[in-house]
1. With the requirement that a residue be without any contact (Cβ under 8 Å) to a residue 60 or more places away in the chain, surrounded by 21 or more Cβ atoms within 10 Å (Cβ to Cβ) and closer than 30 Å to residue 409 by Cα, what does segment 36-75 give you?
2. Right, residue 376: within 22 Å of the chain's Cα centre (by Cα) and in a helix (DSSP H, G or I) or not?
3. Quick check on segment 202-218: of everything there that is over 28 Å from the mean Cα position of the chain (by Cα) and exposed (fewer than 15 other Cβ atoms within 10 Å of the Cβ), which residue is farthest from residue 236 (Cα to Cα)?
4. For segment 42-70, how many residues are under 17 Å from the mean Cα position of the chain (by Cα) and assigned to a helix (DSSP H, G or I)?
5. Every residue in segment 357-412 that is of a type in the set (Asp, Glu) and crowded, with 19+ Cβ neighbours inside 10 Å, please.
6. Might you check whether a residue that is part of a helix (DSSP H, G or I) and either modelled with pLDDT under 95 or closer than 21 Å to residue 62 by Cα (or both) occurs anywhere in segment 341-358?
7. Does residue 160 satisfy being without any contact (Cβ under 8 Å) to a residue 12 or more places away in the chain and either of a type in the set (Asp, Glu) or not assigned by TED's automatic domain parsing to the domain that holds residue 227 (or both)?
Amino acid sequence: MQNPLKEMVVKRQHGIFCGIPSFCCANKIVIEAILSQAQRFGDTPLIEATSNQVNQEGGYMNMTPQDFTDYVYHIADKLGIPRERIFLGGDHMGPLPWADLPAAEAMENAKVLVGMCVRAGYKKIHLDTSMRLGDDSRTERLPDEVIAERGAALYRVCEEAYLEMKRKNPEEIHPVFVIGSEVPVPGGINEDEADGMELTAPEDFENTLMAYRKKFHDLGLDDAWNHIIAIVVQPGVEFGDDTIHRYNRAEAIPLCNTLKKYPDIVFEGHSTDYQSPASLKEMVEDGIAIIKVGPALTFALREGLFALSMLEEELIEDDSRRSHFREILEKEMVDHPKHWIRYYTGSEKELAVKRKYSFSDRSRYYMSRPAVEDARRKLFENIDNLDIPMSMLKQYMPLQYIKVRDGSLQMKARELVKDNVVTLVEDYNYAVKYNYMIGGIFVR
């Protein structure tokens, strides 16, 4: 069996329109929504974790790559979705979590990490060695040759891990790889960085590609190009706390036209969150065939949770019976500012608004905290025991109201919140498939 992402590239070589969303998220409810929608349409969803989320030290999720695999598969098992229908990926896999260490030590850690990813069954790996390490120059740009040399070293480890697996299972699918990094590190950027965004120059794209090709050739790894399917570029999409840089295909023409010289690869676009379905579709048409989304998924989750908490507040008079979900989330973020303090700036009022509503959605780091989880469970229990007027549902969750009205969605808390994520997933399905809107799939 060939890797589906490799098949996507081959289809595009033959003029067949296609692409794939890359869902970078570890929230259980979000993953349930992604898998349920994929099951509905017979898709093979791609779910990714970053090197900050999972690594041999646990990452901020306290998971190794194998733990993440088991975590996603457990969710799939409960939904009755075959494991072989799910593809896992690793984003920004490299020395990023150890960037403060000397290069030799950081790279040894990175080699351990990527080998673990392959052994854990990840079938798409973004090899990212673009960051400066502890003993790299702080004043000069990291040379393409150094980035490529480090990337090739990680690829060799991945290939060795794959061959080890293939000896045990001759049917083992070969992972595919993405190189380059023209985007901020995982976790997001601040507003000033979003305003300073620049598109990847065509010559920079080609220089990166040539540096990798030379280094792979020098190391006797020419076969790697059968498995490298994409390069990360900045095609002009980004978002800040309350701003969105919409894709402008006219500005991206020089970059996307250059890609036509290299039919064996596609572009991977990061930070495609909050783009319109039409813009996402244009990106896929223009060669940005892998469209990665992360914070927008948990933003949709938070939207749904906030909507339910407002319904709860309206319908439950006894304050002691309420979940106080929003207040508890805010308290956790204020008491433990580690995950947002470097990203949000402004007055106390502005910070409070950003903690709740910023497009970068730093609240996603707090959803699994025990106090927030307890509040979410109480919120769901309260909503499920309420007789919610349809008119109020329309006020707070208008898209879900339509589906409940028409009998295609249950008026259950978890289902309502999941469906708010599904509406976003549909934008990405529309972007990568022809005729997705036929048959009444969209309700808006």
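The values are calculated or read from the model by the stated rules, or taken from the named source; none is laboratory data. Since this is a predicted model, take the numbers as computed values, not measurements. Ideal geometry is used to build each Cβ from the backbone, glycine not excepted, and the neighbour counts take in all protein chains shown.
1. Scanning segment 36-75 gives 38, 45, 47, 49, 68, 69, 72.
2. no
3. Among those that are over 28 Å from the mean Cα position of the chain (by Cα) and exposed (fewer than 15 other Cβ atoms within 10 Å of the Cβ), it is 218.
4. 3
5. Here is the first cut: in segment 357-412, the ones of a type in the set (Asp, Glu) are 361, 373-374, 381, 384, 387, 406.
Scanning segment 357-412 gives a single hit, 361.
6. Pass one, segment 341-358, residues part of a helix (DSSP H, G or I): 348-357.
Right, trim to either modelled with pLDDT under 95 or closer than 21 Å to residue 62 by Cα (or both) and you get none.
No, every residue in segment 341-358 fails to be part of a helix (DSSP H, G or I) and either modelled with pLDDT under 95 or closer than 21 Å to residue 62 by Cα (or both).
7. It is false that residue 160 is without any contact (Cβ under 8 Å) to a residue 12 or more places away in the chain and either of a type in the set (Asp, Glu) or not assigned by TED's automatic domain parsing to the domain that holds residue 227 (or both).
This table checks each residue for (1) under 27 Å from residue 354 (Cβ atoms); (2) surrounded by 15 or more Cβ atoms within 10 Å (Cβ to Cβ); (3) acidic (Asp, Glu); (4) not assigned by TED's automatic domain parsing to the domain that holds residue 343.
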position: 228; (1), (2), (3), (4): no, yes, no, yes
position: 254; (1), (2), (3), (4): no, no, no, yes
position: 262; (1), (2), (3), (4): no, no, no, yes
position: 269; (1), (2), (3), (4): yes, yes, no, yes
